[in-house]
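Read the structure below first, then the notes.
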Amino acid sequence: MSKNEILVNLKDKRQKCIVYTRVMGYHRPVESFNIGKTGEHRQRKQFTQC
């Protein structure tokens, strides 16, 4: 079964994921950003703390 077939079969069980980021000391959902801020958020590098 391919990835697309699995996604189609489980479509009714999926839900939207809201991503939050810290901006100026508080958390905001990324979906509320304007075009420029969204592009800046995509360019950020993810890291893991050891």
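Which of the residues spanning the range 39-48 are assigned to a helix (DSSP H, G or I) and modelled with pLDDT under 85? Full working, then the answer.
The initial filter retains those residues of the range 39-48 that are assigned to a helix (DSSP H, G or I), namely 39-43.
Correct list: His41 only.
Within the range 33-50, can you find the residues that are of a type in the set (Gly, Ala, Ser) and surrounded by 10 or more Cβ atoms within 10 Å (Cβ to Cβ)?
Within the range 33-50, just Gly39 meets the criteria.
What is the number of the single condition among (1) loosely packed, with under 10 Cβ neighbours inside 10 Å; (2) modelled with pLDDT under 90; (3) over 13 Å from the mean Cα position of the chain (by Cα) that Gln15 does not meet?
Against the list (1) loosely packed, with under 10 Cβ neighbours inside 10 Å; (2) modelled with pLDDT under 90; (3) over 13 Å from the mean Cα position of the chain (by Cα), Gln15 comes up short only on (3).
What is the one condition in (1) modelled with pLDDT of 85 or more; (2) outside any strand (DSSP E or B); (3) exposed (fewer than 10 other Cβ atoms within 10 Å of the Cβ) that His27 does not satisfy?
(2) is the only condition that His27 fails.
The values are calculated or read from the model by the stated rules, or taken from the named source; none is laboratory data. Just so we're clear, the structure is a prediction, and the values are computed from it rather than from any experiment. Please note: Cβ atoms are built from the backbone with ideal geometry, for glycine as well, and neighbour counts cover all protein chains shown.
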